[in-house]
Amino acid sequence: NKLLYEQGHIRHIVSTSRFFPSSSSSTLTSRDEDTERERERSKMMRFIITCLVIALSVYVAYHGLEYDHGFIRLTTRSPGNRTGVKAPEKSPFDDNDDLMTWYMEDDSDHQSYSLHYDFYQDSCPTAERIVTIGIREVYAAKPSVAPSLIRLLFHDCFIEGCDASVLLDADESLTSEKEASPNQSLKGFDVIEWIKSELEKVCPGVVSCADVLVLAAREAVLMAGGPFYPLETGRRDSVVAFKEIAERELPSPQASISVILARFGTRGFNERETVSLFGAHSIGITHCTFFEDRLYNFSGTGKPDPELDTGFQQELKTNCPYSALAPSPSTGVGPSIPASDYGGVSSAGGSDGVVDLSYNNEGGEMNFGTRYYRRLMQKKGLMYADQQLTGREETEMWVRAYASDTQLFRRDFAMSMMKLSNYHVLTGPLGQVRTTCSKEICVTQLNSLVPK
């Protein structure tokens, strides 16, 4: 009986162990499952990391983050902001595609005197609306005002920053930038002055002329078929002008590609940004005086520029017959880049023919900019400086890109205009807010504005 009992007990143990494994077996199985799960998680993490690396590589290759000198995130401060704070010189192309994300990005080191969005929300909440309505009214009556305002902005910002110094008239204490050779054909001063007077009726002494000009130019771009772009405000107006610098630094229509890139480069604009800004040459007009040498006496050879399409040459000669009295491009007064204007006589004196840079709005308003690059690819660039953009690989690649991709150009042009509008601004205690854009406020006037 004892033997049978022991045998039965053993059989029971063996049989029970099949359904209730020992604790050591259970622990071993649990560890195996944990190890397997760990392997799966590891595989998944490697897969995710691989995908992220590939995505980042494609993103960098497409957007050109190599321009960023190691920085990835953009700051909202403008390059060369004249607040005593050195902002990093960075390209807006070096980050994401979203203009508003770039524009509204938070900067923990943001200074109290920096530009910011809706600066006049409390002091003059209708400021931007007044500018918008004003430009639309003028444009409805005279569409040619758009290229004039864009050019006026460029001439202001390119010389010592966006401070409305180009708007100042000469007086006993300063010489005006308006007297510089490249500026003598500028137009649009009356439009800015009129809008400023409308603002003074609502918010006297609040909105700067520098802000009026950048906002007016943005609306002009939009009216001409270009892209909208967000702008920060809070600029202050200069109390001095820079005629000599304007005379020396504004690039002429005969400038070489080396000069163009050098002038833009010293202001923080790379090749891509420079080429995109030239897209403004797709609207407005220019005078025959400024490219006549390419038709009749290129570089003193007595022959046309061999880089100019022969069919286009004949077309231009019809509008611009040879004139022995026309000033030489090397001595005559020339416009700057951009060289669009809205009529009248050339700054060189006397009347001469004009050419429509939009070529009768070729391709419609949505081809703002794009038509300019397509014509460059066909060797139909009007100014020598225009055609020079195809003379170097680092600029020609962007000419080709913008000629085939309208949306890419619109995005890049918008970002470059934002950067230009924020270049080397005066903010906070620097500068002043003029009541009349053509006249600085003297000390006695400032004292009268201070509340007693």
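The values are calculated or read from the model by the stated rules, or taken from the named source; none is laboratory data. Keep in mind it's a predicted model, so treat the numbers as computed, not measured. Every residue, glycine among them, receives a Cβ derived from its backbone with ideal geometry; neighbour counts consider all protein chains shown. Calculation scope for accessible area: heavy atoms of the full protein, side chains included, ligands and nucleic acids excluded. Shrake-Rupley method; radii C 1.70, N 1.55, O 1.52, S 1.80 Å.
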Taking Lys and Arg as +1 and Asp and Glu as -1, residues besides residue 47 with C-beta under 14 Å from its C-beta add up to +3
What's the FRET efficiency of residue 202 with residue 172 using the Cβ-Cβ distance as r and R₀ = 45 Å, to the nearest 0.05?
0.90
Go through 243/317; 380/439; 142/419; 142/317 and tell me which ones have a Cα-Cα distance over 30 Å in this structure.
243/317; 380/439
Per-residue SASA entry for residue 356, accessible area with 1.4 Å probe, Å² rounded to 10
60 Å²
Not counting ligands, DNA or RNA, and with a 1.4 Å probe, what is residue 248's accessible surface area in Å² rounded to the nearest 10?
140 Å²
Would you mind getting me the FRET efficiency between residue 122 and residue 49? Use the beta-carbon distance for r and R0 = 45 Å, nearest 0.05.
0.40
What whole-number distance in Å separates the alpha-carbon centres of region 140-202 and region 205-253?
8 Å
Segment residue 301-residue 140, extension gain: residue separation times 0.36 nm, minus the distance between their alpha carbons
53.4 nm
Label-to-label distance, nm, for residues given as residue 42 and residue 393 (7 Å Cα→Cβ offset)
4.5 nm
Diffing region 406-421: the Karplus 3J(HN,Hα) column from phi (6.51, -1.76, 1.60, θ = phi - 60°), in whole Hz with x for Gly and Pro, holds 4, 5, 4, 4, 4, 5, 5, 5, 4, 5, 5, 5, 4, 5, 4, 5
Amide H to amide H, which residues 5 or more places from residue 286 or on other chains are under 5 Å from it, using H placed in the peptide plane?
355, 357
Go ahead and run the numbers for FRET between residue 310 and residue 400, Cβ-Cβ distance against an R0 of 25 Å, rounding to 0.05.
0.70
Largest first, how would 398, 194 line up by accessible area (1.4 Å probe)?
194, 398
